[in-house]
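*Asks:* Take this structure first; my questions come after.
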Amino acid sequence: MKNRVLFKGASCFPLSPRSSKNEQYQNVNVISKQDQLYLTFKVLGKQTDEDLSFLSNDHMLDYAKRLDKK
């Protein structure tokens, strides 16, 4: 059982790359189809506000909400 991975993602908040092309979005993390949380949420289904209520960091909350829109 060496190197078994349940959800094989390529990036995840806060380590996902940031958009730097547009100054307005320089601090916005880019979400790809290979994002670890995207792949996890795809299996779990749409997350409600109650599901995300434990997130206290505004950037993380925004990131998690944007996962449903991919």
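The numbers here are math on the coordinates, done by the rules we state, and not lab data. Fair warning: this is a prediction, and the values are worked out from it, not measured in the lab. So basically every Cβ, Gly included, is an ideal-geometry build from the backbone, and we count neighbours across all protein chains shown.
*Asks:* If r is the Cβ-Cβ distance from LYS46 to LYS8 and R0 is 25 Å, what FRET efficiency results, to the nearest 0.05? Write down the numbers at each step before the final one.
*Replies:* Numbers: r = 22 Å, r/R0 = 0.87.
E between LYS46 and LYS8, to the nearest 0.05, is 0.70.
*Asks:* Could you give the nm distance between label points at LYS33 and PHE54, where each point is 7 Å from its Cα heading toward the beta carbon?
*Replies:* Taking the simple label geometry, LYS33 and PHE54 are separated by 3.0 nm.
*Asks:* Can you list residues whose amide H is under 5 Å from VAL30's amide H, if they're 5+ apart or on another chain and H is modeled 1.01 Å from N?
*Replies:* Amide H neighbours of VAL30: ARG18, SER19.
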